Amino acid sequence: MRESRIFPTMLPNNFKSSLAYMQSRMGERLRLFFVCILVTAILAPGCSHMNEGSQAKSTFEEANVLFNRGCYLASLNKYEQILVKYPATGDRALFEMGVVYSHPKNEQKDYRKAMECFQRLIKDYPASGYRQDSEMMIFYINNVPVKDALIASQQAQLETLRQDIASKGNEIAAQQKKIEALEEKVFAYAIQNGSTAEKILIEKKERRLMLISKGGVLKTYKIALGGNPIGPKERAGDNKTPEGCYVIDSRNKGSRYHLSLHISYPNERDKKRAKQLGVSPGGDIMIHGIKNGLSWVGEYHAEVDWTKGCIAVTDEEIEEIAKLAPIGTIVEIKP
């Protein structure tokens, strides 16, 4: 008569959900490792000494309860008691001890001791139904250190790459600060000497406006665009910011958006496109500040595209731009 074997990995109430959980949480190494355990639990016979096995049953159950609570050391102590009091069930005890020692959730796992348990079982219980399963477990455990070493090596490489990226990021940030500081000096010098910008370059994708003078950048600003920013403006009400070459043709100091510089949209190309589409090209495209009464938003306004097609900066920034961009300044808007 064979006793059904129960060991720590076979205690979940729902076998299928337990297996699915394990497969989703473990890597290939541990998944293969514990598939072996699951198969073992179903197919391998237990101890043939029914009488002594019956006496040891309650101790096995106590060991299993401790295991399920994560009390691995206490569970192993119970198995040690079984080895002393009920040597006829020692093969089962040794097998389950090997499982506990090698279990992935056991933070004090010890593959060497697990191997000793399986090897002792094979030596002391050559006819045990656990022998073949122990040999299989030995095979898998022998491969664990190699795979652990590979994983550790890969993790070390990843950490090195992360540190390199962080270092590069710090270098880039430091360089950016130097660029900004230099821009401020150049800009201040331009203001003091009455210089003007030759061109305003707007890059929609980068959400960036640059004042250009003598081929160099005087200053760069973050901007917000129309609420439908991708593609050139085609018609009135499409909430798109134009793309093309224009000029500053007027300014409004009494603007509802603090201060505004009017752009000469639509140009001939825009008019032609609108005519082909049979629509009005629209107009009133400006570079302006924040809506009156909301200046406290400051630079955070640029986190979203909120205009109806205009280019928006902060109130302080539009004042700077206005000082260096007189009527007639070229405005180039790129996609």
Discussion item. Based only on other Cβ atoms within 10 Å, what is the fewest-to-most ordering of THR59, THR241, THR89?
Written reply: THR59, THR89, THR241
Worksheet item: What is the magnitude of the charge dipole of the range 173-244 about its Cα centre, with +1 placed on the Cβ of each Lys and Arg, -1 on the Cβ of each Asp and Glu, and no other charges, expressed in debye to the nearest 20?
Response: 120
Practice prompt. Provide the net charge surrounding ASN170, with neighbours chosen by a C-beta distance below 14 Å and charges set as Lys +1, Arg +1, Asp -1, Glu -1.
Written response: +2
Worksheet item: Of the cross-linked pairs LYS219/LYS291; LYS177/LYS204; LYS308/LYS334; LYS219/LYS275; LYS204/LYS272, which ones have a Cα-Cα span greater than 29 Å in the structure shown?
Response: LYS219/LYS275
Worksheet entry | Formal net charge of residues neighbouring ARG69 (Cβ-Cβ distance under 15 Å; K, R +1; D, E -1) | -1
Item to complete: Taking the Cβ of each residue in PHE95, PHE139 as the centre, tally the other Cβ atoms inside 10 Å and list the residues starting with the fewest.
Response: PHE139, PHE95
Fill in: Cα-centre dipole for the range 199-334 with unit charges at Cβ (Lys and Arg positive, Asp and Glu negative), debye to 20
440
Worksheet, complete the sentence: By Cβ neighbour count within 10 Å, fewest first, VAL186, VAL304 rank VAL304, VAL186
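The numbers here are math on the coordinates, done by the rules we state, and not lab data. Everything numeric in this text was worked out from a predicted model, so none of it was measured. So basically every Cβ, Gly included, is an ideal-geometry build from the backbone, and we count neighbours across all protein chains shown.
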